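Chemist: I am attaching a structure below and will ask some questions about it afterwards.
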Amino acid sequence: MKPGMLKTYLRVIKLAFIFTIKQAMTDAFVIFGIFVQPLIIAIMALFVLGEQGDEIAIFIVVGSGLTGLWDSVLFQSGSSITQERWTGTLEALVGMPTPLGVIVFGKNLAFVTQALGSMIASYTLASIIFGYPLSVESPMLFIISVILTVLSLVCLGLVLATLFVLNPDVQRWQNGLEFPVFILAGFLFPIAILPQWTTPLSYILAPYWAAVALHLSSSAKPGILEISTPWAMMALLGVIYLFLAFWLFKKMLFKARVEATLSGQ
Amino acid sequence: MNTIEVRDLRRIFKTTIGVVRRKIKEVVAVDGITFDVNRGELFGLLGPNGAGKTTTIKMLTTLLIPTGGTAKILGYDVVDQANAIRARIGFIFGGERGLYWRLSGIDNLRYFASLYHVDPAVTKKRIPQLLELVGLSDRGEEKVEGYSRGMKQRLHIARTLLHDPEILFLDEPTMGLDPVGGREIRQVIRNLQSEKKTILLTTHYMFEADALCERVAVIDRGRIVALDTPEALKHVVRDLAVIEIEVFGVPEKILNQIRKLPFVDTVSVEDLDQKQMLLVQSAKGPEAVPPLLASLDSVRVGKVSVREPTLEDAYVRLVGGNV
């Protein structure tokens, strides 16, 4: 990378972030996926599990917020390249000196950050409407967990976005991937109740470690050693996803230039 | 060194046919074309739909990998040195797509400027200048979804000039525009020409090529059939006259009969709502009118006129009436 390019790329990420938020906030599907659906899940969970006590409420708030985050990664980040193709902007983006991966990183960061709004919406619902006295037990650890969650999910979104372009058959399973991850990542109940053979699948998912870190830091006061395991796993998986995405981007762009599929027409 | 060097460039597309027993079909879109474009030249690539113009421009802008041959932009290879080329060129493809409709014109330009690595201070100065250049100064704050087709096309041109590229690739920039919109775009292109930009323009409007281009390559079925100045190309038809006959529903059988007449050079038909315009090139000039009308005995005929050939007629002759 040439000197000064990092600054240039950071500026690209910043503007991709701002303009993606601007566009997404006028999209009804986005509003539903990020704000309405997590609220419905939170209401159902609060009715079903709420009698178990106040401490379960924060678990539900974080869990339903995580469902919004995963929806954002799966549907928005996963479709971020395909969407550019259908709007006819993909050719322009590929023909520019900025690597496409940097642009998509900025877009995915916007999608995931925006989805944090679902957690805030669930929090508001539980505390104001249901009247639970909600408090985050370890605020600093929670904030660090949120940051690592966002970064690892953005990297996972890069992998999904390229996979969905490289193989449209995979994208047909997009809807089918929504609930299995809710379950495998333990958003609303622990994975210990699942069959043992599913555990390795949970371990390679950043959303699982995100759920562990966020639940731990919001519902308890974990020791630094205890919380550092999910943090380290999120960091490690984030780096693995990033390398995988770098390789997939190169493969995808070459394939698109050979097969003439950049324009989507 | 030429700004653009194209040598024996080829591009084959593969498509599959059938569901159960799939077969791969190959379509040759560009079939070994060779040409150079000089620094500061406005070069036209002309041809009917499907001739290979857009495919050529996509290969030159690094968006498609050629099947064979080579292409160099400012000495850089379009396959192996794509990144070096991308910072130095600008391109637009015809049509309304390629912009973010839910953002304003200014936001679109700000975003694309960052992707072209234009310094923020320069961006701030350049955006109003470019909006002025393309006549959108008073509409820049509005969302693109409210723009007309011509306005979107002008915004595309502004977008492609953000990083002050050395070479511009304009693929049918006036396609689908009304006459006023088309004239405005041509004026913008003339302004760019006066700034000594190297421009490769594709169009199937002959008057546009005649008015703008210094040299023109006529492309048909993926091959270059002529390459010269518009004036020299007109010489191809200097011994011919064009007879225009307004007809109402002319059968293909009669057209084939006219094509076989010994004094007829080429025949083409333009659809005009309820009627068609039959364009016949012939060395006999007005003398060809009576035998032509005799051939059209069973067809309702409107106005008939004879005129001097234009570049469009040269083009029709070069592509054998394949328009």
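The values are calculated or read from the model by the stated rules, or taken from the named source; none is laboratory data. These numbers were taken from a predicted model, which means no experiment stands behind them. Here the Cβ is made from the backbone with ideal geometry for all residues, glycine too, and neighbour counts use every protein chain on show.
Chemist: How many of the residues in region B:81-111 are over 24 Å from the mean Cα position of the chain (by Cα), closer than 18 Å to A:Lys250 by Cβ and either small (Gly, Ala, Ser) or within 9 Å of another protein chain (Cβ to nearest Cβ) (or both)? Give the derivation first.
Modeler: So the first thing to find is which residues in region B:81-111 are over 24 Å from the mean Cα position of the chain (by Cα), and the list is B:81, B:83-84, B:100-111.
So of that shortlist, the ones also closer than 18 Å to A:Lys250 by Cβ come out as B:81, B:83-84.
Among the residues that remain, those that are also either small (Gly, Ala, Ser) or within 9 Å of another protein chain (Cβ to nearest Cβ) (or both) are: B:83-84.
Here the count works out to 2.
Chemist: Are there any pairs, at least 6 apart or on different chains, whose C-beta atoms fall under 6 Å, with the first in region A:244-265 and at pLDDT below 95 and the second outside any helix (DSSP H, G or I), and if so, which?
Modeler: If the second residue must be outside any helix (DSSP H, G or I), the pairs left are A:Ala256/A:Leu262; A:Arg257/B:Leu64; A:Arg257/B:Ile65; A:Val258/B:Ile65; A:Ala260/B:Leu64; A:Leu262/B:Leu63.
Chemist: Here's something else I'd like to know. Which of the residues spanning region B:153-210 are out of contact with any strand residue (DSSP E or B) (no Cβ under 6 Å at 6 or more places or on another chain) and aromatic (Phe, Trp, Tyr)?
Modeler: Scanning region B:153-210 gives B:Tyr205, B:Phe207.
Chemist: Tell me the residue from A:Gly106, A:Gly95, A:Gly101, A:Gly117 that is within 14 Å of chain B (Cβ to nearest Cβ) and either more than 30 Å from B:Arg86 (Cα to Cα) or in contact with a strand residue (DSSP E or B) (Cβ under 9 Å, 6 or more places away or on another chain) (or both), please.
Modeler: Values: A:Gly106 fails: either more than 30 Å from B:Arg86 (Cα to Cα) or in contact with a strand residue (DSSP E or B) (Cβ under 9 Å, 6 or more places away or on another chain) (or both); A:Gly101 fails: either more than 30 Å from B:Arg86 (Cα to Cα) or in contact with a strand residue (DSSP E or B) (Cβ under 9 Å, 6 or more places away or on another chain) (or both); A:Gly117 fails: within 14 Å of chain B (Cβ to nearest Cβ).
Testing whether each residue is within 14 Å of chain B (Cβ to nearest Cβ) and either more than 30 Å from B:Arg86 (Cα to Cα) or in contact with a strand residue (DSSP E or B) (Cβ under 9 Å, 6 or more places away or on another chain) (or both) leaves just A:Gly95.
Chemist: Could I ask something else about it? From the list B:Val30, B:Val78, B:Val37, B:Val20, which residue is away from chain A (no Cβ under 14 Å), crowded, with 16+ Cβ neighbours inside 10 Å and either among the β-branched types (Val, Ile, Thr) or without any contact (Cβ under 8 Å) to a residue 60 or more places away in the chain (or both)?
Modeler: One residue alone meets the criteria, B:Val37.
Chemist: Then there's this: Out of all the residues in region B:175-205, which are within 22 Å of B:Ile219 (Cα to Cα), of a type in the set (Ser, Thr, Tyr) and without any contact (Cβ under 8 Å) to a residue 40 or more places away in the chain?
Modeler: Residue satisfying the conditions is B:Tyr205 alone.
Chemist: Consider B:Glu244 carefully, then state whether it is touching a Ser or Thr at 6+ places or on another chain (Cβ under 7 Å), in a strand (DSSP E or B), surrounded by fewer than 20 Cβ atoms within 10 Å (Cβ to Cβ) and not hydrophobic (A, V, I, L, M, F, W, C).
Modeler: Yes: the conditions hold for B:Glu244.
Chemist: Of the numbered conditions (1) farther than 15 Å from A:Phe164 by Cα; (2) within 14 Å of another protein chain (Cβ to nearest Cβ); (3) touching a Leu at 6+ places or on another chain (Cβ under 6 Å), A:Val112 fails exactly one; give the number of that condition.
Modeler: (2)
Chemist: Residues in region A:162-174 that are in contact with a Phe, Trp or Tyr (Cβ under 9 Å, 6 or more places away or on another chain) and either polar (S, T, N, Q) or at pLDDT 80 or above (or both): how many? Outline the logic, then answer.
Modeler: Here is the first cut: in region A:162-174, the residues in contact with a Phe, Trp or Tyr (Cβ under 9 Å, 6 or more places away or on another chain) are A:162, A:170-171, A:174.
Still in the list and also either polar (S, T, N, Q) or at pLDDT 80 or above (or both): A:162, A:171, A:174.
So the answer is 3.
Chemist: In the set A:Leu125, A:Leu148, A:Leu141, which member is at pLDDT below 95 and surrounded by 21 or more Cβ atoms within 10 Å (Cβ to Cβ)? Even if it seems obvious, please write down each step before you answer.
Modeler: Working: A:Leu125 fails: surrounded by 21 or more Cβ atoms within 10 Å (Cβ to Cβ); A:Leu148 fails: at pLDDT below 95.
So the residue among A:Leu125, A:Leu148, A:Leu141 that is at pLDDT below 95 and surrounded by 21 or more Cβ atoms within 10 Å (Cβ to Cβ) is A:Leu141.
Chemist: Pull up region A:1-26, narrow it to residues that are closer than 13 Å to B:Arg110 by Cα and within 7 Å of chain B (Cβ to nearest Cβ), then point me to the one that is farthest from the chain's Cα centre (by Cα).
Modeler: A:Arg11
Chemist: Please go through (1) free of Cβ contacts under 8 Å to residues at least 24 places away in the same chain; (2) under 21 Å from the mean Cα position of the chain (by Cα) for A:Pro97 and return the number of the only condition it doesn't satisfy.
Modeler: Evaluating A:Pro97 over (1) free of Cβ contacts under 8 Å to residues at least 24 places away in the same chain; (2) under 21 Å from the mean Cα position of the chain (by Cα) leaves (2) as the failure.
Chemist: Turning to a different aspect of this structure: Could you check, for region B:131-152, whether at least one of its residues is of a type in the set (Val, Ile, Thr), in contact (Cβ under 8 Å) with a residue 40 or more places away in the chain, within 13 Å of chain A (Cβ to nearest Cβ) and assigned to a helix (DSSP H, G or I)? Before the answer, list the steps.
Modeler: Step one: filter region B:131-152 for residues of a type in the set (Val, Ile, Thr), giving B:134, B:144.
If we keep only those that are in contact (Cβ under 8 Å) with a residue 40 or more places away in the chain too, we end up with B:134, B:144.
Of the ones still in play, those that are also within 13 Å of chain A (Cβ to nearest Cβ) are B:144.
Among the residues that remain, those that are also assigned to a helix (DSSP H, G or I) are: B:144.
Yes: region B:131-152 contains one or more residues that are of a type in the set (Val, Ile, Thr), in contact (Cβ under 8 Å) with a residue 40 or more places away in the chain, within 13 Å of chain A (Cβ to nearest Cβ) and assigned to a helix (DSSP H, G or I).
Chemist: Right, here's the next one. For region A:13-40, give me the residue count where each residue is in contact with a helix residue (DSSP H, G or I) (Cβ under 6 Å, 6 or more places away or on another chain) and at pLDDT 75 or above.
Modeler: Of all residues in region A:13-40, those in contact with a helix residue (DSSP H, G or I) (Cβ under 6 Å, 6 or more places away or on another chain) come to A:13, A:15-17, A:19-21, A:24, A:30, A:33-35, A:38-39.
Still in the list and also at pLDDT 75 or above: A:13, A:15-17, A:19-21, A:24, A:39.
Final tally of qualifying residues: 9.
Chemist: Kindly indicate whether any position in region A:82-93 is of a type in the set (Ser, Thr, Tyr) and in contact (Cβ under 8 Å) with a residue 12 or more places away in the chain.
Modeler: So the first thing to find is which residues in region A:82-93 are of a type in the set (Ser, Thr, Tyr), and the list is A:82, A:87, A:89.
If we keep only those that are in contact (Cβ under 8 Å) with a residue 12 or more places away in the chain as well, we get A:82.
Yes, the conditions are met somewhere in region A:82-93.
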